[in-house]
Structures are given as structure tokens and as C-alpha cells.
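Below you'll find the structure, written out as C-alpha cells, and then a few comments.
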Amino acid sequence: MRKTISQSLLLGLIAAATPAYAIDNAVVTRIDAGHVAVEWKDADPVSVFVSSSPKADVRKAEVVAKADRSGRVVVPYATTDRRYFILRDHGDKSMLHVAERVLPLEQGSNFRDAGGYEGADGKHVAWGRIFRSGAMPLLTELDYTTLEKLKIMTIVDLRSTDERMIAPNMLDDRTGATFISNDYSLKGLMAGYGKGDGENAYRGMDTFLKPQLKQVFRSLLRDEGAVMYHCSAGQDRTGITTGLIYSALGVDRETILKDYHLSTELRRPQFEMPPLDPADWPGNPIVPYYVASMKKPGGPKAEPLFTPKGNSHLAQFFEMIDKDYGSVEAYLDKELGVGPQQIAQLRALYLE
């Protein structure tokens, strides 16, 4: 059974991230394996177009609905396809791009398109250019067929050597994408994680993850095609990475945090790690954790990304960055080499 994000949650998130465009609250919701619903709000009639290219304009796209006032159209759309919709307002002639955020994979976890949110200057993060995910060791042939159509050219694996050994990423072999990773031990990452009262769980990540974060931003700046990055759950290291990318693109922090917390609903931990026998992996520090989680009643579960006191882990990370560096922009410049010139370049490349 494929898990889909609830319509009410998506509508609320899009509403918070959308400026006062004539077309508002646009969202694509998966209905079943063969259909999606494209929904929006607008006082004027709206025409809907669809294309397999995220950069297609209405002149090259297929018409789905003409001058529609219902605010909802159902479109045939197989899970193995990737479609991008263009909504054109017949009043002010404005246009808005929208796509299915969560990839409907059979055995993937938390694989989604980073596009759609409002960034700097009222522009939106481009669809089909930046993808994020959890680990992918159990993808099916149908999943690979779906992902091959994304035309991902670079994959940055944020995981440690220990994690990559037991759950290798094969997507680059199937797609021909350039694969980038940095070798490090999970012991270093976990040294301070989860200690004390559970607050500030991401302390130190700003420096520990520098090699991986630099690789992601360098890949984006090279502009060689779609970029995809992931860790094991697609929520912590991937969440930090996404939060920094969105910050560079001018997405407001409230939207960044809401998007970060979608991971709790979108993760499917049963597909993030293959069955493990500890005897096969002596000395691997992460194996006991995964074996224990698999033995829990009901199997492994996604835990909410909040501290025992109810604070968002990512919100605390941003607070630490603001305190230690003055701002996210200052951190990006000092630690990752992403200064004003690079931020301007990123916005030119990934906002539309």
C-alpha cells in the first residue's frame, strides 16, 4: 500500500508558502495508481496543462482542462510517469507550476521533489531539479523505472561508510548518474547525538557535515542536471541539507520547518534497510540499532522530529547557527564557501 501525504496537510503547507497569486493553494494529490487530482483556488477560470518536462511552457504542453472554474480536475497519471502541471489564470494571465511532491514508489521512503515553495523575490523553487530521499536499498524494478525518468545526473549520498556498506545505493548504476560520497564513521556522528536531555540533537552537525554539504552545493552550482541527495531516513542529515538549500533560495523559515516535519509522515522505515544478520557485520556500529528496531512490535517506526520538550530539532539547529554565525547566510559563506555570489547563482538557477 503506497503511503501518500494527507491532502489537508499539503494544502496547509502550500497555503503558507504561496504568495498572493491569483492562483492559490495549487496541489497535486495522488488518488490511486492511475490518477491524480490537480486542485487550486482562484476566482477566475483556470486552464490546466501537463508535460513530462519541468521546463515546458503551455505552447508545448498538453491541455488537461480549459477555463475550468471547479478548482479540481482528475488526470490519468501512472505512477511510473513524471508529470508537471501548468495552471494559467484567465484573468490576470498569471501561471503557476505544480507537481506531485512525493514520488509514488513501491518500496522507497521519503523520496520527494523539493520544488514549489516560494523563495526570493516571489519566485518559486523549480520542480524537477532537486530531489531528496531516505535510503533506497529495496527499490523494485517499477521504482527504478519511475526514477530513471527523473533524469537525475548527480547523487550525493550523505551517509557514513558503515551505512553504505549494509544498504548500498544502486540508483547511480541504473541511471548513469555521478555518485558522490565522503567516507566517515558513524561513531563520530553519533558521539553527541541523543545525549543529555535530548535537546539540541543536531549540535555539531554544522561542522561535522561540512564535506557532504559542500558536495551538495557544488553539485547544484555546477548545473549539470537534476541533483538528488539522501541519508538513511531522509529526515536528519537530509533535513538539514534541505533547510540550508531552501534558506539560500529565500524560502521562509516557517515553510522550511513545516516541510522538514513532513518526514515523519512520509518515511517508510521498513524499506530503508534490508534484513540484517549481526554476524555478517561484526564491528559495524549501526547494525545493532537497526536490528533492534526491526524486532520492535510492528517493526521500525518514524519518530516525530521533536525534542522531549516539544522543540523542533531543525528549529534548534537554526537557532544554533544564528547564535554562532549571526545568520544562515553567514554560515554558508564561512563554512561552505557559498557566499553572496553563489547564492545569487543558485537563485538564478533554481527559482522561476
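Observations, loosely collected:
- Fluctuation leader among Asp44, Asp173, Asp223 - the chain, Gaussian network, Cα springs under 10 angstrom: Asp173
- Summing charges over all other residues whose Cβ lies under 11 Å from the Cβ of Tyr144, with Lys and Arg as +1 and Asp and Glu as -1, gives -3.
- Only Lys, Arg, Asp and Glu carry charge here, each on its Cβ (+1 for the first two, -1 for the last two); on that basis region 236-307 has a dipole of about 140 debye about its Cα centre.
- Gap separating the Cα centres of region 217-269 and region 65-141, nearest whole Å: 16 Å
- Solvent-accessible area of the chain (1.4 angstrom probe, protein heavy atoms only): carbon and sulfur portion equals 52 percent.
- The residue list Leu244, Leu96, Val125 was ranked by how far each Cα lies along the charge dipole of the chain toward its positive end, using unit charges on Cβ atoms, and Leu96 comes out on top.
- Unsatisfied cross-links (Cα-Cα over 20 Å) in the set Lys41/Lys93; Lys210/Lys258; Lys66/Lys93: Lys210/Lys258
- Straight-line cross-link reach from Lys123 at under 18 Å between alpha-carbon atoms covers these aspartates and glutamates, not counting any fewer than eight positions away in the same chain: Asp24, Asp57, Asp89, Asp92, Asp113, Asp252, Glu254, Asp259, Glu352.
- Helical content alone sets the calculated 222 nm signal of the chain at -9000 deg cm²/dmol, taking -39,500 (n - 2.57) per DSSP H segment of four or more residues and averaging over every residue.
- Charge dipole of region 199-352 about the Cα centre (unit charges at C-beta), most positive-ward option of Phe271, Ala201, Ala226: Phe271
- Simple point charges give the picture: +1 on the Cβ of Lys and Arg, -1 on the Cβ of Asp and Glu, and for region 107-155 a dipole about the Cα centre of about 100 debye.
- Unit charges on C-beta of K, R, D, E only; dipole of the chain, Debye: 260 debye
- Across Ser109, Ser94, Ser47, mean-square fluctuation computed from a Gaussian network of the chain (C-alpha pairs under 10 Å connected) peaks at Ser94.
- Here's the picture: charge each Lys and Arg Cβ at +1 and each Asp and Glu Cβ at -1 in the chain, and of Ala135, Ile180, Leu150 the one pushed furthest to the positive end of that dipole is Leu150.
- Taken per residue, the accessible surface of the chain reaches 42 Å², heavy atoms only and a 1.4 Å probe.
The values are calculated or read from the model by the stated rules, or taken from the named source; none is laboratory data. Just so it is clear, the model here is predicted, and its values are computed rather than measured. For neighbour counting, all protein chains shown are included, and Cβ atoms are generated from backbone atoms with ideal geometry for every residue, glycine included. Note: accessible area is taken over every heavy atom of the protein model, side chains too, but ligands, DNA and RNA are not part of it. Shrake-Rupley method; radii C 1.70, N 1.55, O 1.52, S 1.80 Å.
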